[in-house]
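Quick note: the coordinates plus some simple rules give every number you see, no bench work behind them. Since the structure is predicted, the reported quantities are computational estimates derived from the model, not experimental observations. Cβ: placed from backbone, ideal geometry, glycine included. Neighbour counts: every protein chain shown.
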Amino acid sequence: MVRLGVNIDHVATVRQARRTVEPDPLSAAVVAEMAGADQITIHLREDRRHIQNRDARLIREVVKTALNLEMAATPEMHEIALALHPDSVTLVPEKREEVTTEGGLDLKSVGPGIGDLIVTLKDAGIKLCAFLDPDLEQIKEAAHLKFQAVEIHTGQYANATAATRESELEKIKETASAIRHFGMAAHAGHGLDYHNVTAVAQVPEIEELNIGHAIIARALFIGLEQAVRDMLKQMGRL
Ligand code: PXP
């Protein structure tokens, strides 16, 4: 059974557009869980463009399933993660100019500080995951650094044309199998929607999907609870 993590950053994006108090991502976390989400995912960005420290603290207190914190591997985020104690941390690359996370982390250029970050967070009981492109060299590096999970960046697959979709899916399948071969858990996310999710959810090695944009976009018209249920259905869960 593949788990669904619902990424609620976009709810905070709408709030921050007016620098006001609504909509509150905390409410989104509660509704998503009631609808069957297995996890709440938030990205605390360096520029705080959506999720704020206050959101992270309150969501941590309220979430009953699991909290996955996406973050850059910086000293500030390292400290925040130790204090917040999410169930898992997914390390992502971050650039101020980007609209959303572009591409996976390059584990060969992250610098020596990452070793200490991985050890201290794991010692604190937090599961460590790396967000990586479907690239075998990166998977080997993740195993070497002793990550417990890899989230495969599915952006290329999501943006593929009809002509390239199958080969992009094949890459995801091969990568998921390599991740398992190295004893890590295989997750996937980015750009997944109601049309392209089923094939990824059917990859036997994949245990978890993290999905934001498509669910929040649908929620605008039919409500978050139904949007989460519809996604679970497409994943073969309902
Ligand atoms: N996983 C990671 C690591 C991400 O950075 C994002 C985007 O914040 C997602 C999953 C969700 O992507 P989307 O919003 O396209 O579903």
Proximal charge balance of Val200 [Cβ under 14 Å; K/R count +1, D/E count -1]: -4
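Rank these for me by crowding, Leu84, Leu58, going from fewest to most other beta carbons within 10 Å.
Leu58, Leu84
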From phi via Karplus (6.51, -1.76, 1.60), per-residue ³J(HN,Hα) for region 95-109 in Hz, x at Gly/Pro: 10, 4, 6, 6, 7, 8, 4, 10, x, x, 6, 9, 5, 7, 10
Overall form of region 120-238 per C-alpha gyration tensor (a/c, 1.5; a/b vs b/c): oblate
Whichever aspartates and glutamates have a C-alpha closer than 17 Å to that of Lys95, once near sequence neighbours (fewer than 8 apart) are set aside: Asp9, Glu46, Asp47, Glu70, Glu76, Asp106, Asp133
Qualifying GluC sites (Glu not before Pro) in region 79-143, DSSP loop, other Cβ atoms within 10 Å at most 10: Glu97
Environment charge at Glu46 (Cβ cut-off 10 Å; Lys +1, Arg +1, Asp -1, Glu -1): +2
Rounded FRET efficiency, nearest 0.05, which uses the C-beta distance separating Asn53 from Glu102 and R0 of 25 Å: 0.55
Flagged links, alpha-carbon separation over 22 Å, of Lys108/Lys140; Lys108/Lys171; Lys64/Lys146; Lys140/Lys171; Lys127/Lys171: Lys64/Lys146; Lys127/Lys171
Radius ratio Rg over Rh of region 88-172, counting only Cα atoms, Kirkwood formula for Rh: 1.02
For region 98-121 and region 159-178, distance of Cα centres in Å: 24
Length-normalised contact order for the chain - Cα pairs under 8 Å, 6+ apart - percent: 20
Extended-chain gain in nm, criterion 0.36 nm per residue less alpha-carbon gap, Thr20 and His144: 40.2 nm
³J(HN,Hα), Karplus 6.51/-1.76/1.60, whole Hz, each residue of region 40-47, x for Gly, Pro: 10, 10, 10, 10, 8, 7, 4, 8
Over the chain: helical MRE at 222 nm, DSSP H runs n ≥ 4 each giving -39500 (n - 2.57), nearest 500: -13000 deg cm²/dmol
